[in-house]
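What follows draws every value from the coordinates through simple rules; no lab data is involved. Owing to the predicted nature of the structure, the values given are computational and were not obtained by experimental measurement. Neighbour counts run over all protein chains shown; Cβ positions are idealised from the backbone, glycine included.
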Amino acid sequence: MVKPPVSRIGAAGKADVCEILMESALADKYQTSIDRESAFEELAKRAELAANAAAVKKPTPKRAHKAPRPRGRPRQGIAETFMKSVVRSLGSKTGRALVRGIMGSLFKGA
């Protein structure tokens, strides 16, 4: 058996709204209001804790100054740079010739 929808024209009265809300399966969950802390309150609390921790924190004694270490790899020498350039040039020429040969043989018959 199918129950037809129930509707009315116009606004529902307060008594009708209260009756519908009390019959709802979710009435228990949504009738109690919860006042949670907002994001602003959370951030303000964190900022206050950080400020207190910074005020309490003692300054650390300075350590002896060490010479800065160079970052990354050491610079290449002239011979190493030259060899890399030659190998790169030969590799690109060989690769180009190889690709041209393969493509030429594939499309030669077409």
VAL86, VAL56 arranged by Cβ crowding within 10 Å, fewest neighbours leading = VAL56, VAL86
Each label sits 7 Å from Cα toward the beta-carbon; between ASP35 and ARG100 the label points are separated, in nm, by 8.2
Report, to the nearest 10°, how far helix 78-107 tilts away from the longest principal axis of the Cα atoms in the chain, using its own Cα long axis and a range of 0 to 90°.
-> 80
For the chain, what is the mean residue ellipticity at 222 nm derived from helices alone (per DSSP H run of n ≥ 4: -39500 (n - 2.57); sum divided by total residues; nearest 500 deg cm²/dmol)?
-> -19000 deg cm²/dmol
Helix 14-23 vs. the chain, principal-axis angle (Cα, 0 to 90°, nearest 10) = 60
Considering only PRO74, MET103, ILE34, whose Cα is most displaced toward the positive end of the charge dipole of region 18-110, charges sitting on Cβ of Lys, Arg (+1) and Asp, Glu (-1)?
-> PRO74
Count, lysine Cα pairs under 28 Å in the chain, 8 or more residues apart or across chains = 9
May I ask for the angle, rounded to the nearest 10°, between helix 39-56 and the longest principal axis of the chain, with both axes built from Cα atoms and the value confined to 0 to 90°?
-> 60
LYS45 to VAL2: extension gain in nm, 0.36 nm per residue of separation minus the Cα-Cα distance?
-> 9.9 nm
Isotropically averaged projected area of the chain, using the convex hull of Cα atoms (one quarter of hull area), nm² | 29.2
